[in-house]
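A.B. asks: A single structure is presented below for examination.
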Amino acid sequence: MIRLEVSELCVYPVKSLGGIALAESDVLRRGLRWDRHWMVVDASGRFLTQRQLPRMALVATRVGGDGLLLNAPGMPALRLPPDASGEPVTVTVWRDTVVAHAASVEADRWLRDFLGVACRLVRFAPSSSRPVDPAYGAQGDETAFSDGFPVLLAGDASLAELNRHLARPLAMSRFRPNLVVAGAAPFAEDGWRRIRAGGVALRVVKPCSRCLITTVDPARGEVDGDEPLRALAKFRQRDNKVYFGQNLIPDSEGVIRVGDPVEVLEAG
């Protein structure tokens, strides 16, 4: 019998900044602990991402009980306490408006100096609520500053299949998933409806449409062409969008570890 298992876990504490590979992670109802817990916004409070600022990919993050640490080329390290909560700020991510807390004037200055634009770092307010799209979620399903859903899953074999269509293979980091599964056939995740990873049950609710962020080389912080979008358009396109990966919503809380078995509870 084919064994499916978790091959990678990753969180992105600040939306669109660098990710952190983990050996294990707590999974909460809003997703993996610390994932998209902070966000960079412009002067109007609207979210900023690598779509506008590819250089964001160069900011490395680390997070834990001692707070959030940011590093970037040519910049001094910046540390913020985990509960840094300044003034309330109304921010917008896609079509959702929520209340966040300003991180610090120091963080704003640090990001402005590196990114070259006026911006602020904000933290998702514990009291805020951001429901997922009700067309795909149930009552009480929420996320923080992710694009739309708490967890993003991708398959190792799916990336290998995509790379067969590319002149230069790409790493999974281009797609910024939280959970990577090994052992399945290419794009088998398209047919999953519910899974259990370790002790955590999750619903598979919506394919993930991909954008220009996948064309940013995370090592250089620059767009380096039109791949993988051009290749995906040849065999993963519908409704004028291309798809890679699946959005998930946790049905329970718990811990997921690299190497944990993945069980498909429902397919269809």
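Read-outs throughout are calculated quantities, based only on the coordinates presented, and are distinct from any laboratory measurement. This one's a predicted model, so the numbers in the text were calculated from it and none came from an experiment. For neighbour counting, all protein chains shown are included, and Cβ atoms are generated from backbone atoms with ideal geometry for every residue, glycine included.
A.B. asks: Rounded to the nearest 20 debye, what is the charge dipole size of the range 4-267 about its Cα centre when +1 sits on each Lys and Arg Cβ and -1 on each Asp and Glu Cβ?
C.D. replies: Numbers: 33 positive and 32 negative charges, 121 e Å.
So the magnitude is around 580 debye.
A.B. asks: Right, next: Can you list residues from other chains, or at least 5 along the same chain, whose modelled amide H is less than 5 Å from the amide H of VAL181?
C.D. replies: SER7, ALA154, GLY155, ASP156
A.B. asks: How long are the three semi-axes of the equivalent ellipsoid for the chain, computed from the Cα gyration tensor as the root of 5 times each eigenvalue, in whole Å, largest first?
C.D. replies: On the way: eigenvalues 168, 95, 60 Å².
Over the Cα atoms of the chain, the semi-axes work out to 29, 22, 17 Å.
A.B. asks: Hey, another quick one. Can you give the calculated 222 nm mean residue ellipticity of the chain, where each DSSP H run of n ≥ 4 adds -39,500 (n - 2.57) and the sum is split over every residue, rounded to the nearest 500 deg cm²/dmol?
C.D. replies: Values: 3 runs with 26 residues, N = 268.
Computed ellipticity for the chain at 222 nm equals -2500 deg cm²/dmol.
A.B. asks: A follow-up question, please. Among 4-17, 82-95, how do they line up by average Cβ neighbours within 10 Å per residue, starting with the highest?
C.D. replies: Highest to lowest by the protection proxy: 4-17, 82-95.
A.B. asks: Still on this model: Roughly how tilted is helix 105-115, in degrees to the nearest 10 and between 0 and 90, from the longest Cα axis of the chain?
C.D. replies: In the chain, helix 105-115 runs at an angle near 60 degrees to the longest axis.
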